[in-house]
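Here the structure comes first, spelled out in structure tokens, and everything after it is commentary.
The values are calculated or read from the model by the stated rules, or taken from the named source; none is laboratory data. Note that this is a predicted model, so its numbers are computed, not measured. Every residue, glycine as well, gets a Cβ built from its backbone with ideal geometry; the counts of neighbours run over all protein chains shown.
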Amino acid sequence: MHLYCDPASTTGRPLLMLIAELGLAVEVHAISLMAGEHRTPAFLALNPNGQVPVLADGDFRLTESGAILRYLVGDLPTTLVPTDHRGLAQMDEALDWFKTGFSADFCAGVVYAQLLPHFRYPDPAIQAAVLARAKEKAAARFEVLDRHMLAGRPFLCGQAMTLADLVGAAMVTLGEGVGYDLAPYPNIQAWIGRMKARPSWGMANRAFEELKAVLGAAVGA
């Protein structure tokens, strides 16, 4: 199998962590979003949407990160995907929560709005107002994550790490690129600490760690 992804991206990092966790034989091809490699004719032949990631398994293609995560797990015995009906539904609920509201309010509204030029408004006053509103909405999301979803449990769905933790931790730590303060959220801090303590975290997030200095410089520009 071949995985085409940006290893520093929020969609790529959970996939790389899963590959490391399960020791999967997947050949990873780095596609740099910053260099525009997702817009080349060769990549568009893989995914006409011009988006990463893409998984190629022979002539079979998948182009959405959630579907790729499930496909890579397959029938392998792992606690990363609950086997009981309610546990599986709880994991899917957490995945949907991160991929919809949290992603929009925090990833796009707070982080990308500061890092990526095409997310910014040319009028500084409008940009400041929109960013302030996004930070309010994101703070409400973090309150729910800290006070409810992670209250009294080490991981999002209980005692075992699942695919939801891989995705959620990648999104939350995206805030490190803009110096987002997690001090008000002790349960989130402890959860991220547990995620970062896994050997797979360092392997999967090496490119992101290298990029954070660049991200910080972009915010200050």
Can you name the number of the only condition in (1) of a type outside the set (Asp, Glu); (2) crowded, with 20+ Cβ neighbours inside 10 Å; (3) outside the structural domain of residue 214 (by TED's automatic domain parsing) that residue 106 fails?
-> (3)
How many residues are over 13 Å from residue 187 (Cα atoms), outside any helix (DSSP H, G or I) and among the aliphatic types (A, V, I, L, M) if we restrict to segment 147-176?
-> 2
Out of 141, 133, report the one residue that is at pLDDT 95 or above, closer than 30 Å to residue 183 by Cα, crowded, with 18+ Cβ neighbours inside 10 Å and not polar (S, T, N, Q).
-> 141
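Out of the strands (runs of 3 or more DSSP E) lying entirely within segment 1-94, which hold 2 or more residues that are touching a helix residue (DSSP H, G or I) at 6+ places or on another chain (Cβ under 8 Å) and closer than 20 Å to residue 207 by Cβ? Don't jump to the end; show me each part of the working.
Numbers: elements: 2-5, 27-30, 54-57, 60-62.
Answer list for segment 1-94: 2-5, 27-30, 54-57.
Can residue 21 be described as among the acidic types (Asp, Glu), buried (at least 17 other Cβ atoms within 10 Å of the Cβ) and out of contact with any Pro (no Cβ under 7 Å at 6 or more places or on another chain)?
Working: among the acidic types (Asp, Glu): yes; buried (at least 17 other Cβ atoms within 10 Å of the Cβ): yes; out of contact with any Pro (no Cβ under 7 Å at 6 or more places or on another chain): yes.
So residue 21 passes the test.
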Under 8 Å by Cβ, and 6 or more places apart or on different chains, what pairs join a residue from segment 132-147 that is farther than 10 Å from residue 109 by Cβ with one that is not in a helix (DSSP H, G or I)?
-> 142/182; 142/184; 142/185; 143/185; 145/185; 146/184; 146/185
Considering segment 109-125, residues that are free of Cβ contacts under 8 Å to residues at least 24 places away in the same chain and surrounded by 14 or more Cβ atoms within 10 Å (Cβ to Cβ), and then whichever is farthest from the chain's Cα centre (by Cα), we arrive at 120
Within segment 59-84, can you find the residues that are over 22 Å from the mean Cα position of the chain (by Cα) and either at pLDDT below 95 or surrounded by 19 or more Cβ atoms within 10 Å (Cβ to Cβ) (or both)?
-> 59, 75, 76, 77, 83, 84
